[in-house]
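This report refers to the structure that appears directly beneath it.
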Amino acid sequence: MKKLLLCIALCVLQPSISQEISISSSQSEVFKDRNKHSALEFSESDDNGGFVTIRTIFGGMMRRPKEYIIEHYNKDLKLVKETTIEIDENTIKGINIYDGKVFLLETELDKKENIYKFNVLEAPLSSLSFQSRTLFSFDESDVKKYFSVGIGFFFVNNGLGQKDANYLGEVTFSKNKNFFCVNFDIKDKDAETHRLYVFDKNFNPVFEKEFKKDIKDRLFDYENIDVDDATGEIYLLGKVFENNSRKTKKGKETNYHYELFKISANEQKSVSFKTGDNFVGSLFVLRDHDKISCAGFYSEKNDHRYKGVTRFDINPETLQIENSSFEPFTEEFMIDKYGKSKDKELRNLSFRSGFLATNGDIIINAEEFFITHHTTMSPNGGMNSYTNYHYNDIVSVKINGEGKLVWARNINKKQTTAGVAMEYLSFSSTVVGDDTYLFINCSDRIRKLRNDRIEFRQARTKKSNLYAIKIDQDGNYTFKNVVDEKDSEVPFFVRQGIPTSLNGKEMVFLGRKSSKKQFLKLNIL
């Protein structure tokens, strides 16, 4: 019956279906942790078919971070070596592996000296015996109490007070990890200030800069940084509010513009661009070879609605805007979502991932995410409050090098949690060649909607299957049950899927059921 339902769903999904999904999977042995609660932070290929993972172990009544466990698995998912690092005013925020060695990036607070240190921990893969050395340090008072380091791709500013959403800092690697940038957002009420350090992969310093913009911190939203893989130059993107106000509108026009800064050891230059009559809540910058683009979603109404996608192409040398486009969602997309074509804008889209191909194509993946708060009356007359987190439809779009929207698809999905087992919800994504892959947990009872549409439905955590959804170069998509819950002792954390290869073909997931743990490796063939 299950196979019959799957075949029916595939038949009604599209008039033309993309080629069959070809994915192989392998699972590690099921093992038990010393602690029940852990989170997968990083996973990196060892260049021999295996991988190294870093997990945070949580302990105590408040489930606070207790230690890191670093594990090396071979190509057969057998544990080769493991070690632990105690968490005490230190945070691991990056990993790189090459020449048979593992390198961890760590921030550390030295309470005795009142200084922050940025360290690299180095160890042979064969032993995982780490030795630490400090790359740089500075006095705690430089940034007062607002300091840490994070790694990530995209941040959304909340606009509260003087702290950017990335005030805790970040580490950004270049595409092939030949360089990395350490970025500290310095607390400064009079100017937007960032302290930037760039190193090559051998941890030789490339340059150090203090970036300042003469504008109040609250009027500048840092978007993200991209690092050139050949030179280590930085491209820093920011959203600048105008008229001394964070209001997004002045009349019917936008009250902000975007600025992209190119920063190197010897110079700094920038370009400023407006979004016209359209509202663009956030953009992200993407870099590949001789291309640099800023992309995101736009609206004709306000920053919190979405009518389509926008793209700005910028010459990486001159920083001149070479092309810009605003492309509304397609009729096909609206039918995906609503069952018919509607003149309607979306809400609650949260960016999840972006990819820039060598041919100039951009893939954007987002999700309808929102939070609701509820209050109920208890039997004794008291009030009970709870919060629900909603992970609904997936939005995936492709924009070509000329700025035209090639396709836009809406994957119907409904997932809700009261904050429990959030790791199993949302999705992970990767791009292989011209194909986009999305990985979700859901029930095998896929729901058929009106007008030949389907909806992936939430399952109980312990009864959840891992599905792969493939969107081909023409926007046709199909799906496959990659891991059935009956064939696995544990469900897998779909939102923590981590690519372990630069070509995107290999993904690693951590699974858990009580104290049972297991790793899953997927290879896209």
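Contact map, region 214-233: residues that are more than 12 Å from E259 (Cβ to Cβ) and touching a residue at least 60 places away in the same chain (Cβ under 8 Å) paired with residues that are of a type in the set (A, V, I, L, M, F, W, C) and not in a strand (DSSP E or B), Cβ distance under 9 Å, separation 6+ or inter-chain. Pairs shown: N224/F153; N224/F154; N224/F155.
For first residues located in region 483-506 and without any contact (Cβ under 8 Å) to a residue 24 or more places away in the chain, partners that are among the basic types (K, R) and open to solvent by less than 10 Å² (accessible area, probe 1.4 Å) and lie 6+ apart or on another chain with Cβ distances below 6 Å do not occur. Of the residues contained in region 328-347, one or more are found to be in contact with a helix residue (DSSP H, G or I) (Cβ under 6 Å, 6 or more places away or on another chain), on the phi < 0 side of the Ramachandran plot and open to solvent by 20 Å² or more (accessible area, probe 1.4 Å). Listed here are the strands (runs of 3 or more DSSP E) enclosed by region 27-102 that have at least 3 residues being over 22 Å from R133 (Cα atoms): 37-45, 51-59, 64-73, 79-86. Set side by side, the residues I8, I95, I17 differ, and just one is closer than 29 Å to S514 by Cβ and either surrounded by fewer than 18 Cβ atoms within 10 Å (Cβ to Cβ) or modelled with pLDDT of 85 or more (or both), which is I95. Taking each residue of region 252-268 that is farther than 26 Å from D303 by Cβ and looking for partners that are exposed (fewer than 15 other Cβ atoms within 10 Å of the Cβ) and aliphatic (A, V, I, L, M) with beta-carbon atoms closer than 9 Å, six or more apart or interchain, yields nothing. A count restricted to region 411-439 and to residues that are closer than 15 Å to A459 by Cα, within 15 Å of the chain's Cα centre (by Cα), open to solvent by less than 30 Å² (accessible area, probe 1.4 Å) and of a type outside the set (F, W, Y) stands at 2. Elements of the type strands (runs of 3 or more DSSP E) sitting completely within region 389-438 and holding at least 3 residues that are closer than 14 Å to G475 by Cα and among the hydrophobic types (A, V, I, L, M, F, W, C): these cover 405-411. Within region 453-512, the set of residues being among the small types (G, A, S), more than 22 Å from the chain's Cα centre (by Cα) and under 20 Å from K32 (Cα atoms) comprises just one member, S488. Put simply, of N359, N365 the only residue that is buried (at least 16 other Cβ atoms within 10 Å of the Cβ) and not hydrophobic (A, V, I, L, M, F, W, C) is N365. Among the candidates R34, R55, the residue that is open to solvent by less than 20 Å² (accessible area, probe 1.4 Å) and either at pLDDT 90 or above or not aromatic (F, W, Y) (or both) is uniquely R55. Pairs meeting the criteria (first residue in region 114-140 and over 20 Å from V102 (Cα atoms), second residue polar (S, T, N, Q) and surrounded by 16 or more Cβ atoms within 10 Å (Cβ to Cβ), beta carbons under 8 Å, at least 6 apart or on different chains) are Y116/T107. Selection over region 343-356 of residues that are assigned to a loop (DSSP other than H, G, I, E, B) and farther than 19 Å from E455 by Cα gives a count of 3.
The values are calculated or read from the model by the stated rules, or taken from the named source; none is laboratory data. Quantities reported herein were computed from a predicted structural model and do not represent experimental measurements. Neighbour counts are summed over all protein chains in view; Cβ atoms, including those assigned to glycine, are modelled from backbone coordinates with ideal geometry. Ligands, DNA and RNA are excluded from the accessible area calculation, which covers all protein heavy atoms including side chains. Shrake-Rupley method; radii C 1.70, N 1.55, O 1.52, S 1.80 Å.
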